[in-house]
Amino acid sequence: MCSKLCCCFPCRSCRAEDSSEHFSDRRFPILSRITMRTETDGFRLNFLPQRFNLWRTPRPPPGVNNTSATDGHPSPSEEERPPTVILTFEQNLEAKRLCEAGQQLLEREERLFGEITESEALTHHKEEVSKLAAERRALEGLVLQTLSLSLGLEEVGSEALASAVKAVQQEEDQDQQWTRRDRTAPAWRPCGWKKLHDSTLHSLVEERMDNPSTPPADQTGQSSIQADVRTMGRQLKEDLLRVVTVVKSCYPPESGICDLYAGLYHRTFRARLRKITDFGLGDKDCTCLLLWVNNYYPQILQKPELAGEIDVEALGKLLPEELLKPLEDQYLSKQQEELTTYIHRVLEAAKQKWNEGEEPRRQDGYFFSPVSYDIIQLINGMVTSAEQVVGDLQKAQEITRQLKDLMQRFTIFQNDVIKQNKPNSRPTVKANLGCIEQFRDVLNKKTHLFKEDVRKNCLDVLTDMKQSAHAYLLKPVHEVLKPEYRKLGTSDWLNKNLFEKLLAGVEKELQDLQGSMESCHQELVGQLHKEVTAEYVRRLLKGDKLKTREQQLKASVIVRDNAENLHHLFLKMGSEEVWLKDILTKIAEVLKLQDLPAIQMQVASLGTEYPDLSEKHVSALLKLKTTLSKADRNTVKVILSDTRGQRSDAAERGFFSDVQVK
């Protein structure tokens, strides 16, 4: 063997000798390993001089001639085929082929430590072990550097990242292999590259959240806290989208890389927000923070691109309940304060106009007040926004907790209007009826805006307000009609057509009731319809006795006619209380009937339909028929008692409770 040996290759004279001797693992370990990996890796060793062909041409399969069929020389295609080579460890590092570089180191590790102990390796191959450890450190540094650029793949490339990920997994697998061996592992085992991988990504995420790379958005009118939170949120969104669209492809499917990144960003964002909450926040900063925790951040995670890749439920909320509750209380308290202030201002404006003698403006022919519209718009907007801010509708409903008290202020205002009875009081009350109607619609149709007890209490307040308004507007009508009421039930009633004058008076007064919103006017006319009918029945029950059958038949006809005329008049004026006609018709039928069983059936029908019909009412009605004995009247009243348990739950109309009898 030649004593003048190149550091890497044998001299010319030695090349003629058996290559197995000159390129043994013992004398030329690096070249031996290169030779071993040639056939599997398929790389070209282009950097070697052409005269040093370390690899023989592979033997052809049996029966295949490796020479030209004509002259014995290689075919043209074989002459053009470049030699197959592999890259050195350093070249793999330079090419960012980190997985291949790592594999080379693992093979060397197996050769050095696979069959001997660490002490033996250090004794006989100390220099080679030191070199391997140094090259491992170089590989580790480059792997971590590549991982630290994971979210900026334009700097490193997806192939390099994928190779780094494989290198990490190779090392993790090798760590596991050594745990199962009954020998002392190298000093660097276990290397824990998986932990290094995770900690590197953690540092990467923290760096990007602390120094966002996203272009700053328009920060006009924003505080520094709002700008910081918004910028961090945008960075989080863009990076997670990059993870699922680009980075994910560099990892094996079972790696769970999307969940890993989501957890890192979640914890980092949470830590930053917790620090912010350590300081007293202004109302706007408080709102901003709650919006990101309860609305914007969940929306990011629910984006279609992310929802299928991330276990959102496992992340939980950005801030715990003990930190959120004080912020939510601060926000909701501020909203309640603003609602109270606004309603007070709206009512004060309406009151000032009334005090100045100004009538409400007309809209589509009726008096209109903006009170309800303005308040409803504010309530709807506040609760809807609050649901997004606090992330819970029931919490948002707390804003309207004081609404009953605020409605009481509206009641006080209307009571003042009625009490003082100024020239503009009636138009104001007519306008208020529209407000009451609009408030009732909101309470009944948009129940999600209110707690149930608040909603019911407010409806009760509005019902009282409507009844008060109706009483105020209808009182003058009854004052005008009182002379005509007095004639009902008298002896003249059966002989003269007195009811015509009553109808004429009602029709005239109905004209003066116009001016409220159409639906409100219908209710007002319907209320007058009910009150006129009740007054009619009251006067009839206390009227003159019908001593003969003829008088009873005549009274029955007159009551039927009156019921028909009253029905047509109010129907024409807009009343929808058509059921009132049936009451007078049934009373007329009782006056007509002479057979006791038939009277019993008719009274039973009347009692079943109208639950507030009392024995006093029946007694007064039967006393008109002097042809009935006291025993007969008692028999009929017993039937009425029997019907109480049979009354339909649907029979909710009250009428006779408004008819006062002695």
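Just so you know, all these numbers are worked out from the coordinates, no wet-lab data involved. Note that the coordinates shown come from a computational prediction; the quantities given were computed from them, not determined experimentally. Glycine gets a Cβ as well: all are built from the backbone with ideal geometry, and neighbour counts include every protein chain shown.
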Cα-based Rg of segment 89-209 normalised by 2.2 N^0.38 Å, two decimals: 1.12
Entries in K445/K586; K482/K586; K237/K395; K237/K451; K419/K530 that, when Cα-Cα distance is taken, lie over 30 Å: K445/K586; K237/K451
Candidate lysines for bridging to K166, where Cα separation is under 21 Å - those fewer than 8 sequence places away on the same chain excluded: K96, K194, K195, K248
Shape category assigned to segment 294-361 from the gyration tensor of Cα positions, a/c cut at 1.5: oblate
Overall dimensions of segment 244-403 by Cα: Rg and Dmax, Å: 22.8, 80
Proxy reagent accessibility, fewest Cβ within 10 Å first, across D658, D182: D182, D658
Virtual spin-label span in nm between S255 and T626, 7 Å along Cα→Cβ: 10.9
Global geometry of segment 475-531, whether rounded, prolate or oblate, following the gyration tensor of its Cα atoms and the 1.5 cut on a/c: prolate
In nm, spacing of pseudo-spin labels at T384 and H478 (7 Å Cα→C-beta vector): 4.3
Rounded, prolate or oblate (a/c below 1.5 giving rounded, otherwise prolate when a/b exceeds b/c) for segment 488-658 by Cα gyration tensor: oblate
Cross-link partners of K592 among lysines (Cα-Cα below 21 Å; sequence separation of 8 or more within a chain): K496, K542, K545, K547, K554, K581, K616, K623, K625, K630, K637
